[in-house]
Amino acid sequence: MCDTPRRRFIARLGHGGLLLTPLAAALSGCRKGNWPDGMVDIKWDRDTCVRCSMVISDRRFAGEIRGGPDNTVFKFDDPGCLAFWLKEQADKYPWLAEAATRMWVADFNSKSRDEMNWLDPRQARYIERTSPMGYNFAAIAEPLAGAIDFTDMRQQTLAKGK
C-alpha cells in the first residue's frame, strides 16, 4: 500500500466524512500497477484502441503513445495497430517523429499480468505470437533467435494492409 504524507492527510479528512472515496483515491497520488513515468494508466477492459476501437483486454499486446504540445495520449490493443496508426497519422501529428514523443508497448514476457513491464517499441524486439488484431507480433526486451526489430515489424505489418 502506498503510504505518503498526502495519503495520510487525505485519510484523516476522510474519517470526518469530508471527502468522498473516489476523490480521496484520485488525490492520493498512488497508482496501481507498474506504470512508467509519463505513461497514462490503461483501464483494462474499458479503454479502447484509437485505431480499431477494440477494447484493450490482453495486457501482453497493449501500447501507448504520448506527446505533442498538449501531451496527447493514444492507446492501442496491438503493436500492429500502433505501427499502422503511426503511418496513418504522421501528417496530422508531426510530433510523432520527434525524439521527445514517448511510446510504450507491453513486454510479452512480463512475469505477471498485474505488473507489466513496458518497453520503447522502437527499441523492442518482436516475435510472432497470435495478437488481438491478427498482426501477430509481440514485443520482448531480450533478443531471441528469429526476433525482428521495430522497422522490420512495421514493414511486415504494413504489408498486410489491414
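Within the range 2-23, does at least one residue satisfy the condition of being of a type in the set (A, V, I, L, M), assigned to a loop (DSSP other than H, G, I, E, B) and at pLDDT 50 or above? No, there is no match, as no residue in the range 2-23 is of a type in the set (A, V, I, L, M), assigned to a loop (DSSP other than H, G, I, E, B) and at pLDDT 50 or above. Only a single item in (1) more than 23 Å from ALA159 (Cβ to Cβ); (2) of a type in the set (S, T, N, Q); (3) out of contact with any Gly (no Cβ under 9 Å at 6 or more places or on another chain) is not met by GLN89, and it is number (1). Among the residues making up the range 130-162, a single one is of a type in the set (Lys, Arg) and surrounded by 14 or more Cβ atoms within 10 Å (Cβ to Cβ): ARG154. Being within 25 Å of ARG46 (Cβ to Cβ) and among the hydroxyl-bearing types (Ser, Thr, Tyr), is that true of even one residue in the range 69-83? Yes - at least one qualifying residue is present in the range 69-83.
The values are calculated or read from the model by the stated rules, or taken from the named source; none is laboratory data. Please read these numbers as outputs of a predicted model, since none were measured by experiment. With ideal geometry, Cβ positions are generated from the backbone for all residues, glycine too; neighbour counts draw on all protein chains shown.
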